[in-house]
Structures are given as structure tokens and as C-alpha cells.
Amino acid sequence: MRRALCSVQLMVNQKVRIWRDRWVAREPTGGLISARGRCRLKWVSELMDFRGNWDLEKLQQYFLPVDIVEILKIRPSPRFGEDFLAWAPERNGIFTVRSAYKLASDEASNHQEHSSSSSPDGTRAVWNHIWKSLVPPKVQSFAWRLATDSLANWTNKVKRKLEVSPLCPVCGREDEDSFHVFCSCNHAVILWKLMAKVWNLPSRTMLKHVGPDWFIHLLAETNEEGRAFVMMLFWRIWFVRNELVHHKRPPPMEVSVCFLSSYLSSLSAINSNPSDDPIKGKAILDTGLEKSHKRLQSDVAADALWAKPSIGRVKLNTDASVLGEEAGCGMILRDHEGSIIFSSCRHIYGCNDVLEAELLALREGISLAILWSMLPLDIESDCLQAVQMIVGGSSNKSKFAFIVKEIIGIMEERSSCITHSRRCCNLASHSLANFGRTQRRPVVWLGSGPEVVRDIIERECNPVNGAE
Ligand SMILES: [Zn+2]
């Protein structure tokens, strides 16, 4: 990619025609998407200011956001050696994004005053708000597309002549620009309000439609934690919006709430004890989320014991135990008082894969839970990878995708949500899984469990060394 940019950069310094030459490094066509329209400019150099920087105002006047994004990747002049106007989605592209934005915003800041997002030297830290935030990289990429107004909402599609009307395809009340999608559309407002009960979101009065930069303003006026919450929430809203637009059955609001809450808490849990799940733990630590985990760690530590579900819900815990070719799984369902509805174990023949055993435990546990209770279901597994596969939904392409699909199908029969729990909060199902593996038989205890499980539950409900 860097190589491609270099060739483009050389071209820009010569006479390059805006509408005839292929000067934008877009794969595979290498052309602009914007139509020429009434643009009278001919040369690429006319899109720059006297310092050789891109003239953002002109870019915004004549190009669609998707093209502006590509154009801003190009370093316009070698005379400004320190600035590098390029963007690469790879991790090592973070710093070029920042310098690119600095370069671009020097020009923009002549026209707009964003005191809150400007440091004294005029360098806006806005891009850091996204690329250094505490959310997963895919959410950062999404936030970046939102900040550059390059999401395919109906207003942008109309500009690209891909739609005829910008009216919101979900509610039909207003034109669907990015502000409408995330701040005004009905489902977005509802999900924001629900999540505000769980997360410390910024006040809704901070959602102001100040122009295409509204999201950048919002990030600038929000603290680090709030930014992470907002990005995660908007990411989910965009997912739900796409489901609705594509006429799929959208996930119920409570599923979205569970998804979002568990997503961040899974990230925090794995960091507080990365050895819980070495495969995933490594992947997440690599994304630079340590800081967020540290902050959230205290919450996790406070719940080091199994926690009862809220009134009107039941909680299922599942676990697997694998030793050589022998595997077992354990499942236990409890009510809001911590009483056992059922506990169960089973031996799994010919299974030596922990992840497979964990998924089978979930499948069996959820099926049983739906049989033995009518209440909404909280599901906990200490296998982060399994939880993430289920939360990730249909995108799963692993060799266990069919089990994941079955689990999701069963979960849809009941209002349910799944979260990752630490092993120390999952002891009862763990001992059931051991029991199943060693006893080599399936058992279901209704309203009770084997002695070892009853002991554990007794200890959980009456902790000896609990906080005063
Ligand atoms: Zn709408």
C-alpha cells in the first residue's frame, strides 16, 4: 500500500488531471466515485492550498466522502516532510492517521472553532479519540467511518446516486443522515436510553446536530470512558439499522443491551485474568485495551463469586472438563434466590477439544433450561471463545459453526443473553463437568445436585471470607 501511495505522490507533483487520470489509489479500479458535475477544476493541484495541503473545503464541495477519504490518504507535497497524509487501516497506520488529520485540520480549523477539541498549538486530538480509544479495532474502524461521514446511510447513497430518496428506511420520519441514524431514529433513541441505565453514557443533551462533524464534537466533549461507550453503542445501532434495512428480524432491544454489556465485561474479565483463556486473551491484549481492563477490573473483582440472577430471571452456568480423550460437561440452572432448578452432567464420547466440549455444554444446558423454566435466561460460561462465537452470531466460520448456529437458534426461543464469567464464579458447573467425565453417564437432578455441587453452592451463598 505504501508503494502505491508513493507512486501517487509523485504523480501529484506533476500535472495530474482530476477527472481523467487515475490518481486515487482505490482498488481495483483506481478511480474516483464522485461525478464531475459542475466542477470546473481541472488539475489536482487546484485542490491544494498555497502550502501544498489539501483544501478540505474544496474536497467537500466536489467529492463524496468515500473519495475524500481516499484523497486524504495521499501525501500531497514532499516539501512538508514531517507530515504524512496517508492512512492505512493496519495498526501501524495509527500515527499516519494522526498526522494526516493534523495536516487536514490545519486548514479546516481556519474556518471552524472547536475550542474543546483543539490544543493550544492547533493540533486536534480528535483522531486519537478514535484510534487510541479502548474499544476493539473493528469498532474503531467503524467510528472512523462515522467521523468521516462515509457510512452508507441513505443521504450518502443518494449523493452517490444509489438511492433516490434520503428518507429514513427505518422510520420514514426524516432524511437519514448520520445524525438521524444514531441520535434520532426510534430504535437508536430506545437503545441509548436502555444502555444509559447500564453505562455511564453522556447526557443526551450533548447530542447536537452541529453539522457533518457532530460525532467528532461529541467525542471531543466526552471523557475516555464515555467515548468507548458511545462508540460501542453506535456500532450496535448501526448493526441493528442494517438488519432492519435488509428486512431481517432485528435482535430484540434486551439482546442488544446484553450484547453490549457482556462485550465490554468480557474484555475486562479476560484481562484481569488473561490465563483464563490464553488464545483469546492474547488477541485482546494485543489491541491495547489494557487500560480499560484495569479500570474495569475492580468491578470484576467485586463479583468474584457466582452472582444470583435478578428477580424474574434464571441463570444457567455451563462448563466442560477434558482430559485426554475423555470429556464431560456440566450444566446448572438457578433462580433469583440461588436455588437449584436443575443440575446436570454428561459424558462426551470421543471429544478432546475443550472448545467443542464447552459449546456442547452450552447447547445442552440451554435446551434443558428452556424445558425447565419459562423465565428469561442469563447464560454464563467461563469459555470466552465460546461466548464470543455465539455473540458474534452468523459471522462464525469455524469448524464449530454448526453448533454455534444451533445454540443461537435455541436461544432465540427465549429472551436470553450470554456472558463470560470467570472460573471462580463457575465452580458448580465445573464440578458437574468433572463428575460427568469421571462417572461417564448423563444425569439430571431436578431441584438438587450431587453432594459436591451442593457444597459449592452452600459456600457461594455463605462466603466465609466475604466483604464486611
Ligand atoms: Zn429513522
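So is Leu333 in contact with a helix residue (DSSP H, G or I) (Cβ under 6 Å, 6 or more places away or on another chain), closer than 18 Å to Leu427 by Cα and not in a strand (DSSP E or B) or not? I'd like the intermediate steps shown before the answer.
Working: in contact with a helix residue (DSSP H, G or I) (Cβ under 6 Å, 6 or more places away or on another chain): yes; closer than 18 Å to Leu427 by Cα: yes; not in a strand (DSSP E or B): no.
No: the conditions fail for Leu333.
For segment 198-227, the set of residues classified as at pLDDT below 90 and within 25 Å of Pro250 (Cβ to Cβ) consists of Val198, Trp199, listed by residue number.
Residues checked against (1) over 21 Å from Val255 (Cβ atoms); (2) assigned by TED's automatic domain parsing to the domain that holds Asn434; (3) in contact (Cβ under 8 Å) with a residue 40 or more places away in the chain; (4) touching a Phe, Trp or Tyr at 6+ places or on another chain (Cβ under 7 Å):
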position: Gly324; (1), (2), (3), (4): yes, yes, no, no
position: Arg346; (1), (2), (3), (4): yes, yes, yes, no
position: Arg363; (1), (2), (3), (4): no, yes, yes, no
position: Cys383; (1), (2), (3), (4): no, yes, yes, no
position: Phe400; (1), (2), (3), (4): yes, yes, yes, no
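Residues considered: Arg91, Arg38, Arg3. Of these, the only one that is among the basic types (Lys, Arg) and at pLDDT 50 or above is Arg38. Each residue in segment 168-185 was checked for being near the ligand (Cβ under 9 Å from one of its atoms) and crowded, with 17+ Cβ neighbours inside 10 Å, and 8 pass.
Search segment 147-167 for residues being of a type outside the set (Ser, Thr, Tyr) and within 12 Å of the ligand (Cβ to nearest atom), and hand back the single one that is nearest to Leu219 (Cα to Cα).
Step one: filter segment 147-167 for residues of a type outside the set (Ser, Thr, Tyr), giving 147, 149, 151-154, 156-164, 166-167.
Applying the additional criterion that residues be within 12 Å of the ligand (Cβ to nearest atom) yields 153-154, 166-167.
Values: Asn153: 20, Trp154: 23, Pro166: 26, Leu167: 26 Å.
Taking the candidates together, the pick is Asn153.
The condition of being at pLDDT below 95, surrounded by fewer than 17 Cβ atoms within 10 Å (Cβ to Cβ) and among the hydroxyl-bearing types (Ser, Thr, Tyr) holds for only one of Ser119, Ser133, that being Ser119. Considering only residues that are within 16 Å of the ligand (Cβ to nearest atom) and among the small types (Gly, Ala, Ser), which ones fall in segment 186-215? Within segment 186-215, just Ala188 meets the criteria. Tallying residues that are part of a loop (DSSP other than H, G, I, E, B) and modelled with pLDDT under 90 within segment 376-414 yields 8.
The values are calculated or read from the model by the stated rules, or taken from the named source; none is laboratory data. These numbers were taken from a predicted model, which means no experiment stands behind them. Note that we place each Cβ from the backbone using ideal geometry, even for glycine, and neighbour counts take in every protein chain shown.
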